[in-house]
Structure formats: C-alpha cells, structure tokens
Amino acid sequence: MEKKTIVLGVTGSISAFKACSIVSSLTKKGYAVDVILTRHAAAFVPPLTFAALSHRDVYVDEFDGTHEALIPHIELARRADLFVIAPADANILAKAACGIGDDLLSSALLACMCPILAAPAMNVHMYENPATQTNIATLAKRGWSFIEPGEGMLACAETGKGRLAEPEEIVAHIESALHNQEEASAALEPLPLAGKRVVVSAGPTQEALDPVRFLSNHSSGKQGFAIATAAAKLGADTVLVAGPVHLPTPENVKRIDIVSALDLEKAMKEQAESADFIIMAAAVADYRFATTHEQKMKKSGDTLTMEFVKSPDILRGLGQTKRDDQVLCGFAMETENLDANAREKMLSKNCDLLVANNLHTQGAGFMTDTNIVTLMTPDSLSHLPLQTKEELGRKILLTMLEIQKGKHDHASVH
Ligand code: C5P
C-alpha cells in the first residue's frame, strides 16, 4: 500500500479521548497520521499521547516554533490525502463555514485541497442549533462529508444526538473515503463491471391489511442502495428495485419502486432475465394478509385473529430459473448458528454467494451505514471486518465477477 497521509484535527470535546483509538488504529493499518490539536483539545488529551500513538510530531499551535515545517498550516494541508476532524465541535464547524483561520487547525483547513471528513460531537442543543445545522449544510455543499453523531446520554448529562461516532465507524469511513479517491484517480482505466447488468433489490415490503394499515419490517434499504451505488461506480448498468424507503436514488441507477412482495416478485422476474448479477438484499415479508380489505377495518372484539398466506420465496424462484452465466446473491440475517443456517439457506436456494449477518452484532444490521458480515460461497467462507455498506457492496460485486469468470472458464474447458 502506498502510504497515505491523514491529517486528523481534534477539537475540544470530552470525546477527544476517542481520537486516540482512531490514531492508533490508522497507524497500525500503515497510514501516516499527523495530528493537529486545538488548544482546548490539548487540555483534554496531552499532545504526547498522540505523538506516542502516531510516532510523529503533533501540532498544537501555529507559532510555537517547535516544528520542522516552517509554515505548518500550509505544509500539513499540502501533505494530506484526507483531512479528518474528529471530534468536530460547533466552533470549528462555524469557523470553517465562515472561512476564519485564527489557529493552526482552522488555517490548515482553509489551505486544504483534499477531501474533508468531519465527525461532529457536542451537546444536543448545540448540534440542533440552526447556526450549527446551517454551517454543516454550507460545508456539505462545499464537498465536506459528515459522519453523523450518535444519540444517547451525553457527557453533559443530557440525552439526545451529539455523541461522537465510535472510532471503528470513523476509521471505516476514512478508509472508504480514501478508497473513493483511488477510484476517482483510476477513472481513466476501464471499469471492472462495464458491460455488466446488475439488478439489486432493497428495503422492506409492505403488505396491506386495508387502506391505512400494513405489515412490514425495520429494513432501511441502506445496504441494497449502497450495493447499487457501488455497482454504478464500477460501471455496471444498474437497476435498483426498491421497497418503500426514504433514500435518494444513487447516481446513474435506474430505480423501480415497489410496495408488496408480489410487486417485488414481478419486477425481479422481469429484470432478472437480462441480468448478469442478481442481488436480493430486500427484506421480504414472508407472509401477507389472506384478505386485503377495501375499506378501513372497524375495531370490534377484544382480540383479533388474522389469517396470513405465505409470500413467494423470490430468491428461491430466481435460483430455480437462473442461467449458467448468471450469478445470484442472497442475504441471510440470523440470530443464532449464523454459519450453519446461512450455508443451508445458500444451498437450498441455489445461490452462488450468500451475505450473512447477525442481527445482534454491533455495527451490523438495519439502520447503520456500516456492516459486519460473512461472505459465503459453496466452497469458501470469509468473515469480513466492519466496513461501510458501500465498501461491502463493492466486495460483493467483485466477488460475483470472479464467480462469473470461474463459471466461464469452467464452461470453456468442457
Ligand atoms: O429465508 P430467508 O428469508 O431468511 O432468506 C433471506 C433471503 O431470501 C434474502 O436474500 C431475501 O431477499 C430473500 N427472500 C425472498 N423472498 C422471501 C423471503 C426472503 O426472496 N419471501
């Protein structure tokens, strides 16, 4: 790996201590990490801690004269492949939005030419303050990326949004951002999925009971949308069949919106015919109401018994009809015996690849932007570390490409 340089700005927040884990993890992964502390951050964690973890000089004040670099804010901005601010307090966001450079960090940001990634952390009211939200929107418009803070009990003893994202999540976003850059610089080379057609399903299905009620699940659609994003970036002609979710359509992706499992089955059958890769990331409702009422159901007795009928298993159907040159990928979310149950699912549904995750693993699952999964083929198994859903999408697609090549080579030998 060519050694990439990450400049990490740390501002004055109680969560500054979490930046130590970020520096430690990035350094172990082989990145050069230059840390800039604001003076308030240095009050929370001494510069020496960061110097020991990064094995490099740590920068606090522009004019302390202790550094080799003559003009540190320019030198640091120049050498950064990625500029990260974690934790980013309300003050640095406001200064950056206004173009103020009154200390080393804010001046380096002004001089910065590379992508910038910020992980805000602050009191919930400071975060929700229209000034902070406007600053975040301004910076996002200028191309900054943000890692949303988490919700929960804050150091100020209030509850709400404002907790710094976990270090592993921040590291995953950093690696994904670096990866996107590499991709952009390789843009002149032919894309690996050029000429391939990818069909991916995403999100939940909704099964109507009457005009106002339905049966559904917690699927956010994020993993399926991230796969479609990755597929389009890899050059594939991409179709996304989406259940009801509040997500924007990824660039260069054709989106088909569906509501119920039956709609999804129809759309997938139609789209699968011309597909090279078919990915069923949708969380399909296994059952639907035996009767859908035309009018709103009135309440009557103290209990209510409903009859359900089974929905078609779409993945199984696609497994039965798939051509030799097509590659089919399913998902499995399990709460126990992950590997064994997932393997059984893969074989019985005739999938070439199965992505299995455990609902109880932190950083995996429905609402997050990251996932921790096991990738399984009939003759291989790999447990992948936490990564962004888009990065995982890329891995899934490149694995499917290898599987298709293998099928092709096998066919030409016989
Ligand atoms: O059997 P299980 O529902 O756990 O399998 C999950 C996989 O099967 C996912 O890929 C999901 O999209 C697909 N599935 C389907 N039709 C259903 C239920 C699940 O295609 N009715």
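What follows is calculated from the coordinates using simple rules that are stated; it is not laboratory data. All of these numbers come straight from a predicted model, not from anything done at the bench. Reconstructed Cβ throughout: ideal geometry from the backbone, glycine too, with neighbour counts over all protein chains shown.
Counted over the stretch 5-184, the DSSP beta bridges are approximately 20% antiparallel.
Return the inverse of the average 1/r over all pairs of distinct C-alpha atoms in the stretch 32-111, which is the Kirkwood hydrodynamic radius, in Å to one decimal.
Working: mean 1/r = 0.0775 Å⁻¹.
Across the stretch 32-111, the inverse of the average 1/r is 12.9 Å.
At full extension, Ala43 and Phe17 could sit 8.3 nm farther apart than now, given 0.36 nm per residue minus the alpha carbon distance. What is the stretch 5-184 by shape, rounded, prolate or oblate, if you read a ≥ b ≥ c off the alpha carbon gyration tensor as root eigenvalues and call it rounded for a/c under 1.5, prolate for a/b larger than b/c, and oblate otherwise? Judged from the Cα gyration tensor, the stretch 5-184 comes out rounded (a/c under 1.5).
When Ser220, Ser25, Ser348 are sorted by how many other C-beta atoms sit within 10 angstrom of their C-beta, beginning with the fewest, the order is Ser348, Ser25, Ser220. If each of Arg213 and Met153 carries a label point 7 Å out from its Cα toward its Cβ, how far apart are those two points in nm? For the pair Arg213/Met153, the computed spacing is 3.8 nm.
Give me Val7, Val309, Val60, Val253 ranked fewest to most by other Cβ atoms within 10 Å of their Cβ, as a rough exposure proxy.
Working: Val7 26, Val309 10, Val60 22, Val253 19.
With the sparsest Cβ surroundings first, the list reads Val309, Val253, Val60, Val7.
Taking the charge dipole of the chain about its Cα centre, with +1 at Lys and Arg Cβ atoms and -1 at Asp and Glu Cβ atoms, the residue from His383, Gly9, Val253 reaching farthest to the positive side is Val253. Among the GluC sites (Glu not before Pro) in the stretch 196-265, those placed in a DSSP loop whose Cβ has at most 15 other Cβ atoms within 10 Å are Glu251.
What is the calculated FRET efficiency for Arg56 to Asp325, with r their C-beta to C-beta distance and R₀ = 41 Å, to the nearest 0.05? Numbers along the way, then the final one.
Details: r = 51 Å, r/R0 = 1.24.
Rounded to the nearest 0.05, the efficiency is 0.20.
Among the trypsin sites (Lys or Arg not before Pro) in the stretch 290-383, those located in a DSSP loop and surrounded by at most 15 other Cβ atoms within 10 Å of their own Cβ are Lys296, Lys298, Lys299, Arg323. When the P(r) of the stretch 254-406 is calculated, the portion above 20 Å amounts to 56% of the C-alpha pairs.
For the chain, what does the alpha-carbon gyration tensor say about shape, rounded, prolate or oblate, given a ≥ b ≥ c as the root eigenvalues, a/c under 1.5 as rounded, and a/b over b/c as prolate?
Working: a/c = 2.40, a/b = 1.61, b/c = 1.49.
Prolate, since a/c reaches 1.5 and a/b exceeds b/c.
Computed from phi, the 3J(HN,Hα) profile of the stretch 154-167 under the Karplus parametrisation 6.51, -1.76, 1.60 (θ = phi - 60°) reads 9, 4, 7, 6, 9, 10, x, 8, x, 7, 4, 4, 5, x Hz, with x in place of Gly and Pro.
For the chain, modelled as a Gaussian network with Cα springs under 10 Å, which listed residue fluctuates most, Thr38, Thr11, Thr305? Highest fluctuation of the listed residues: Thr305.
Defining a contact as two alpha carbons under 8 Å apart and six or more residues distant in sequence, what relative contact order in percent does the stretch 5-184 show? It would help to have the intermediate numbers written out before the result.
Working: 353 pairs, mean separation 39.8, N = 180.
Once divided by the residue count of the stretch 5-184, the mean separation gives 22 percent.
For the chain, DSSP calls about 30 percent of its internal beta bridges antiparallel.
Summary of the geometry: the stretch 186-259 and the stretch 68-121, compared by the centres of their Cα atoms, lie 35 Å apart. Of the GluC sites (Glu not before Pro) found in the stretch 325-414, the ones in coil according to DSSP and having at most 11 other Cβ atoms within 10 Å of their Cβ are Glu336.
Each residue of the stretch 250-259 was assigned a 3J(HN,Hα) from its phi angle through the Karplus expression (A = 6.51, B = -1.76, C = 1.60, θ = phi - 60°), giving x, 4, 6, 10, 8, 10, 10, 8, 10, 10 Hz with x at Gly and Pro. Which residues in the stretch 148-165 have a backbone N closer than 14 Å to a point placed 7 Å from the Cα of Glu128 along the Cα-to-Cβ line? Only 151-154, 158-163 fall inside the zone, counting backbone N under 14 Å.
Extension gain, Lys29 to Lys161: 0.36 nm times the residue separation minus the Cα-Cα distance gives 44.5 nm.
Each of Arg394, Arg288 has some number of other Cβ atoms within 10 Å of its Cβ, and from fewest to most they run Arg288, Arg394. Sequence-distant contacts, meaning Cα pairs under 8 Å at least 6 residues apart, place the relative contact order of the chain at 11 percent.
Using 1/(1 + (r/R0)^6) with R0 = 51 angstrom and r between the beta carbons of Leu110 and Leu381, what's the FRET efficiency to the nearest 0.05? Don't skip to the answer; put the middle values down first.
Details: r = 49 Å, r/R0 = 0.96.
Rounded to the nearest 0.05, the efficiency is 0.55.
Let me make sure I get this right: for the stretch 311-352, a, b and c are the square roots of the gyration tensor eigenvalues over alpha carbons, sorted descending. Under 1.5 in a/c it's rounded, otherwise prolate if a/b > b/c, else oblate. Which is it? Don't jump to the answer; show the numbers that get you there.
Values: a/c = 2.77, a/b = 1.75, b/c = 1.58.
Prolate is the answer for the stretch 311-352, as a/c is 1.5 or above and a/b outweighs b/c.
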